[in-house]
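Undergrad: To start, I am sharing the structure in question, which I have written as structure tokens.
The values are calculated or read from the model by the stated rules, or taken from the named source; none is laboratory data. Bear in mind the structure is a predicted one, so any value in this text is a computation, not a measurement. Note: ideal-geometry Cβ built from the backbone for every residue, glycine included; neighbour counts use all protein chains shown. Just the protein is used for accessible areas: all its heavy atoms, side chains included, with ligands, DNA and RNA removed. Shrake-Rupley method; radii C 1.70, N 1.55, O 1.52, S 1.80 Å.
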Amino acid sequence: MRKDVDISGKLDWASVLLYVVLVTFGWINIFAAVYDETANQTIWDLSLNSGRQLIFIAASFVIILAIIILDMRFYETFAYLFYGIILFVLVLVPILGKEVGGNKSWIGIGSFGVQPSEFAKFVTALAIAKFMGSVGFKMENNRNQFILLGLIAIPMALILLQKDFGTAIVFTAFIFVFFREGMSPFIMIVGVSAATIAILTLIVENQWYLHGAIAAVLVALIFFGKRKLKRIMVLCSGAVILMITIESFDYIVNNVLPIRHKKRLEALVDPDFDPMGINWNVTQSKIAIGSGGFAGKGFLKGTQTKFDFVPEQSTDFIFCTIGEEHGWLGSLIVIMLFMALLLRVIFIAERQKSKFSRAYGYAVASIFFFHFAINIGMTIGLFPVIGIPLPFFSYGGSSLWSFTILLFILLKLDAHRGQVLQRI
Amino acid sequence: MNEGRKDILQVIFIVVGLIFLIKLFFIQVLDNKYAELADGNVILRQVEYPFRGLIYDRNQKLIVFNSPEFDLEVVIKDVKNFDSAKFCSVFEISREELRARFKAMKARKEYSPFKPTIFMNQLSNVDFAKVQDHLESFPGFYVQARTTRSYATPALANALGYVSEISKTNLDRDLTKIYKQGDYVGQSGIEYFYEEQLRGKRGVRFKLRNVKGIEKGAFKNGLYDTLSVPGQNLTTGIDIDLQQYGEMLMKGKSGSIVAIEPATGEILSLVSGPSYDPNLLTGRNYSSNFKQISIDSMKPLFNRPLMAQYRPGSIFKIAQAMTALQEKVITPETRIRCDRNIINCHGAHSNEDLRGAIANSCNPYFHNVLRRMLNKGVVNDPFGDTRIGLEEWDKHIMSFGFGRKLGIDLPNEKEGLVPTPAYYDRAYRSQAWKFSNIYSLAIGEGENLVVPIQMANFAAIIANRGFYYTPHLVKAIGADNKPLPQYQERHYTLIDSSYFIVAVDAMQKVVEEGTGQYRAKLADIIVCGKTGTVQNAPPLFDHSVFIAFAPRDNPKIAISVYVEDAGQGARAAASIASLMIEKYLLGATKRPHIESYVLAGKFE
């Protein structure tokens, strides 16, 4: 056994503990979501999602072992190769794939199916981390920014071809990494404004009001601020970008987006819109969570999830079971656990000596955060319904393994941080 | 470089976490709405519909009962591989209708693709048997059972009434909150009048259910459950055989037959012609059939025994006679010359006593009698004198049940009319009217109006020699075995019962000696009757009217028969009345020629 395999002393046991707690809670919770009082089944029953999830968890431990055994340089060295392979697989998916729940993102291996798009997340994270960690990389360089954008956009586009809108949108999470590594905040600000404007486009019927408002703000900013040519140019270009956003968003919503996504967006801005139809999921999800009260109805005592009022209650809407059976206290604990994990990952990322490891650490934090925020936000009606899993809680092998790999590659890199020469 | 940015990112993460916790606190702890909605989701309030009470005839023959019917429900989310062509052929509907049904269903406010929604209602037993085998080829479609009314015979439709889904307006008007949307409720007839007794009490069971409405056990082990209580059974005084016989005799005619048991006021039969088959107003075709029946120019929904108002005609002379005796303006022996200069008359008679005058229906006699009653000379002014006389006269006439609702146990009864001084004041727009203006009252051709049930009741009063029980259909309710209290009370007229023997004698004489009344005469039974011919505007024939009771002593049946546009009372009405009496007392007629005469329907 090689010396660097025995890293137990250097492994970040706090993260491992959080991981184990989350996965265990998640597993028990899946049982609660599918539990049928009359069926006399145990949590181990392989015909239940909980039994199968246990197999996935066991497989995760094998994966973790493999990650730890492999040489730490393996991940950085072969990052682009992995990236190439996953792009190839993603191209194949629409040809070989089978359709599950409206998405054509699965390929079958025997009786099991896997979602390559799930694995594209950590592969892309490695690739952008490698690129950002390369010698002489400067975030300010336009060419570099363009390449990074391409690295994200290509897998995103391929996943969109599988009609898996949810997974594709996760790739925008990497903007946090770029921001940490020196991307101009201007892009973030315009991004957030664009998102706000997009939502306003849905609410405000006549977009000429929005154009007028932007123009008014622009004039005010130019008039009251320093009247330097550069500042005026920046403000004007920002305003033009926002106006283009309005028009293109309007176009996308009305002409490009599948009807179901368009309706979900409309449902978000109008919670009373069609509660029995398009808003059924969110309405029922909120009823399930809201009926949990302060301390919850108790383990296996939830009625809304068990009796199938909440759709997809063991995958995308798994948080409903937590909210219903464990109430606000349970929700608090789960959210605190995620917060702890996210902050711990950032802490780990910051103590890396290589830029590659740090960028990768931020990618892990960003992806976890994005899944956490979108998923829970959707179940309580703060985000549109976008089908992405809650890490470690949603039932499913591909997503569990993908999150496990993401986290443990970081822990592996972290365990060897002392061996890395600082390259900044 | 960019060290500070890690803090910005951490702040963003924490802020999002806090926003979630605050939002969760709002919906989980502060807002009770979701807990209620959750209960509404899973707690199935399963209503156990009670059996509606059954309706029997006087011989305990079942007239109205419940039979199962089925609603076809659909959960849209569970519908898979829907073969619309097969569906249309199995359920025998057109493609357009199928499309229309889906559209109508989705337009409903409470519609949800996740919940069972009624797709087709009131499939009959036969329909259900037909589609049952095919049901499994239509996943998502389910069948829900309930009961509907069925009728053993096509008779008695208007008296029984019908049951249908409660209307939106009635539901809003129901302050007791007993009814829910989709409930069936009596809409007319006995079903309406005895709704409270018939409907029973709903039971409720609280069950847990999943999103497809599939039960998942009792809520709190049935702590809040109640059992349904079936409605009370009703026993009517109707003789359903007699009723059917009456309807057969009335076939093709307009009019009514009302037969009453005088000793109790129980209605033996209540025929309204033309009628309809009550089975048409149950089940799936209720709406289309109802529409057709209600636009029928013969008005089968018009309940003639209670609602048709006629002038009383000659029969009214009996009431005149009784009143005159009571007011002591004549005695039974009083003879009055048949002076046809005053008012025309018919038949060969000249100077009859009271019995003879009734039997011969002498118009001048009763003209004179009414004058004696209205102008007693209490005051010198002829106008004032008539006024005083009329007031007195009204009191006596009304005590026979004329001019007001009798209070039968059916809706929509009409009052008829007994003109009062106030009525003539309005009609003449002054008090300047006197006997010579209103003398038509004397022969029942004035302003007064009666309904057939009042005439049958009048026959019962004479049969009883001066009293009546309010005519009623239901003689026993539920286990109580008693009618409603108002039907157990004996009502006396203001006429001394000793005077009635005159009316009885006269009516016997009408049947036995009168000119055309031989058709009412029976070999073994003494029938007492009186014809009436209600003048109709030419070229229409007069209405044929006959009242009777039999036997003369200890009468078992009192009857009134109206046949519209059929000429003299001695023909159509007298024949029908006597056939009914025969049928009721003897079980069948011994005079087939009279029966054929009635069935042929040519009375001219």
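Undergrad: What does the buried accessible surface come to for B and A, summed over both chains, with the probe at 1.4 Å? Round to 100 Å².
TA: Numbers: alone 28960 and 20380 Å², together 45410 Å².
The B and A chains share an interface burying roughly 3900 Å².
Undergrad: Each residue of the range A:283-294 in turn: what ³J(HN,Hα) in whole Hz from Karplus with 6.51, -1.76, 1.60 and θ = phi - 60°, glycine and Pro shown as x?
TA: Values, residue by residue: 4, 5, 5, 5, 4, 4, 5, x, 6, x, x, 6 Hz.
Undergrad: Given C-alpha coordinates of chain B, what is the ratio Rg to Rh with the Kirkwood estimate of Rh?
TA: Values: Rg = 33.2 Å, Rh = 28.4 Å.
Rg/Rh: 1.17.
Undergrad: Roughly how many Å is it from the Cα centre of the range B:472-509 to that of the range A:131-180, as a whole number?
TA: With the range B:472-509 and the range A:131-180 each reduced to a Cα centre, they are spaced 100 Å.
Undergrad: Further, regarding this structure: Provide, for q = 0.23, 0.26, 0.31 Å⁻¹, the log10 of I(q)/I(0) from a solvent-free Debye sum over equal Cα point scatterers in the range B:248-292.
TA: Debye curve over Cα of the range B:248-292, log10 I(q)/I(0) at q = 0.23, 0.26, 0.31 Å⁻¹: -0.83, -0.88, -0.99.
Undergrad: Now for a separate question. In percent, how large is the relative contact order of chain A, given Cα pairs closer than 8 Å and 6 or more residues apart? Don't skip to the end; give the middle numbers.
TA: Numbers: 551 pairs, mean separation 104.9, N = 424.
About 25 percent, as a whole number.
Undergrad: Suppose R0 equals 51 Å; then what is the FRET efficiency for B:Ala422 and B:Arg335 from their Cβ-Cβ distance, rounded to the nearest 0.05? Write out the running numbers ahead of the final one.
TA: Working: r = 35 Å, r/R0 = 0.69.
For R0 = 51 Å, the calculated efficiency reads 0.90.
Undergrad: A further question on this structure: Relative contact order of chain B, please, whole-number percent, based on alpha carbon pairs below 8 angstrom and at least 6 residues apart.
TA: Working: 1233 pairs, mean separation 80.4, N = 604.
RCO, chain B: 13 percent.
Undergrad: Compute the helix-to-body angle for B:452-463: its Cα long axis versus the longest principal axis of chain B, expressed 0 to 90° and rounded to tens.
TA: 50 degrees
Undergrad: Solvent-accessible area per residue for chain B at a 1.4 Å probe radius, Å²? Walk me through the numbers before you get to the answer.
TA: Numbers: 26910 Å² over 604 residues.
Here the residues of chain B average 45 Å² of exposed surface.
Undergrad: Near B:Lys103, which aspartates and glutamates are there with a Cα under 19 Å away, not counting those fewer than 8 places off in the same chain?
TA: A:Asp274, B:Asp71, B:Glu73, B:Asp78, B:Asp83, B:Glu92
Undergrad: 7 Å from Cα along Cα→Cβ at both B:Ala432 and B:Thr117: what's the point-to-point distance in nm?
TA: My value for the distance between the label points is 7.2 nm.
Undergrad: Something else about it: Name the residues of the range A:324-351 whose accessible area, probed at 1.4 Å, falls by at least 10 Å² once all protein chains are in place instead of their chain on its own?
TA: A:Trp328, A:Ser331, A:Leu332, A:Ile335, A:Met339, A:Leu342, A:Leu343, A:Ile346, A:Glu350
Undergrad: In nm, give the distance between the simple-model label positions of B:Ser89 and A:Asn141, each being 7 Å from the Cα along the Cα-to-Cβ direction.
TA: Modelled inter-label distance: 7.3 nm.
Undergrad: Average partner chain C-beta neighbours within 10 Å, per residue of A:287-299? Walk me through the intermediate numbers first.
TA: On the way: counts 11, 4, 6, 14, 12, 7, 5, 3, 2, 1, 2, 0, 0.
If you average over the peptide's residues, the count of other-chain Cβ atoms is 5.
Undergrad: Now for a separate question. With all protein chains present, how much of the accessible area of the range B:50-236 (probe radius 1.4 Å) comes from carbon and sulfur, to the nearest whole percent? Could the numbers behind the result be given before it?
TA: Details: 5200 of 9830 Å².
That fraction is 53 percent.
Undergrad: Turning to a different aspect of this structure: Once the Cα atoms of helix B:95-107 and of chain B are each reduced to a long axis, what angle between those two axes, in degrees from 0 to 90 to the nearest 10, is obtained?
TA: Approximately 80 degrees, to the nearest ten.
Undergrad: Okay, next question. Given the C-alpha centroids of the range B:552-600 and the range B:149-215, what is the distance between them in whole angstrom?
TA: Going from one Cα centre to the other spans 39 Å.
Undergrad: Let me ask you something else. If R₀ is 25 angstrom, what is the calculated FRET efficiency for the pair B:Leu30 and A:Ile333, using the beta carbon separation as r and rounding to 0.05? Walk me through the numbers on the way to the answer.
TA: Details: r = 20 Å, r/R0 = 0.78.
E between B:Leu30 and A:Ile333, to the nearest 0.05, is 0.80.
Undergrad: I'd like the distance between the alpha-carbon centres of the range A:190-239 and the range B:68-89, rounded to an integer number of Å.
TA: After rounding, the separation between the Cα centres reads 55 Å.
Undergrad: Return the equivalent ellipsoid semi-axes of the range B:50-236 as a descending list in whole Å, where each equals the square root of 5 times an eigenvalue of the C-alpha gyration tensor. Mind showing how you got there, number by number?
TA: Details: eigenvalues 202, 102, 55 Å².
Each semi-axis is √(5λ); the values are 32, 23, 17 Å.
Undergrad: Using θ = phi - 60° and the Karplus curve 6.51 cos²θ - 1.76 cosθ + 1.60, what whole-Hz ³J(HN,Hα) does each residue of the range A:371-380 get, with Gly and Pro shown as x?
TA: In residue order, the calculated couplings are 4, 4, 5, 5, 5, 5, x, 5, 5, 9 Hz.
Undergrad: Among B:357-367, B:79-89, how do they line up by average Cβ neighbours within 10 Å per residue, starting with the highest?
TA: Numbers: B:357-367: 25.7, B:79-89: 11.8.
Highest to lowest by the protection proxy: B:357-367, B:79-89.
Undergrad: In addition: Using only Cα positions of the protein assembly as shown, each an equal point scatterer, no hydration layer, compute I(q)/I(0) via Debye at q = 0.06 Å⁻¹ and quote the log10 values to two decimals.
TA: Result of the Debye calculation: -0.66.
Undergrad: Which entries in the list A:Lys286/A:Lys306; A:Lys355/A:Lys412; B:Lys317/B:Lys414 go over 19 Å, if you measure between the two C-alpha atoms of each? Don't skip to the answer; put the middle values down first.
TA: Working: A:Lys286/A:Lys306 15 Å; A:Lys355/A:Lys412 15 Å; B:Lys317/B:Lys414 22 Å.
Pairs exceeding 19 Å: B:Lys317/B:Lys414.
Undergrad: Which distance in nm do the two modelled labels at B:Lys376 and B:Ser287 give, with both placed 7 Å along the Cα-to-Cβ direction?
TA: For the pair B:Lys376/B:Ser287, the computed spacing is 6.3 nm.
Undergrad: Taking θ as phi - 60°, what are the ³J(HN,Hα) couplings along the range A:183-188 by the Karplus curve (6.51, -1.76, 1.60), each to the nearest whole Hz, with x for Gly and Pro?
TA: 5, 4, x, 3, 5, 4
Undergrad: Do any GluC sites (Glu not before Pro) in the range B:319-417 lie in a DSSP loop with no more than 15 other beta carbon atoms within 10 Å, and if so, which? Before the final figure, lay out the partial values.
TA: Values: sites: B:Glu327, B:Glu333, B:Glu352, B:Glu391, B:Glu392, B:Glu413, B:Glu415; in loops: B:Glu327, B:Glu333, B:Glu413, B:Glu415.
Those that pass, being in a loop and sparsely packed, are B:Glu333, B:Glu415.
Undergrad: A further question on this structure: Students often forget the sequence filter, so: which lysines lie under 23 Å Cα-Cα from B:Lys583 once same-chain residues fewer than 8 apart are removed?
TA: Partners within reach: B:Lys61, B:Lys251, B:Lys253, B:Lys475, B:Lys509, B:Lys521, B:Lys530, B:Lys556, B:Lys602.
Undergrad: Something else: Multiply the residue separation of B:Val15 and B:Asp78 by 0.36 nm, subtract the distance between their alpha-carbon atoms, and state the gained length in nm to one decimal. Before the final figure, lay out the partial values.
TA: Numbers: separation 63, 0.36 × 63 = 22.68 nm, distance 4.18 nm.
Full extension from B:Val15 to B:Asp78 adds 18.5 nm.
Undergrad: Return a whole-number percent for the relative contact order of the range A:367-424, with Cα pairs under 8 Å and 6 or more residues apart as the contact set. Can you show the working numbers first?
TA: Values: 30 pairs, mean separation 12.9, N = 58.
Relative contact order comes out at 22 percent.
Undergrad: Same structure, new question: Report, ordered by chain and residue number, the aspartates and glutamates lying within cross-link reach of B:Lys376, taken as a straight Cα distance under 19 Å and ignoring same-chain residues fewer than 8 apart.
TA: B:Glu327, B:Asp385, B:Glu391, B:Glu392, B:Asp394
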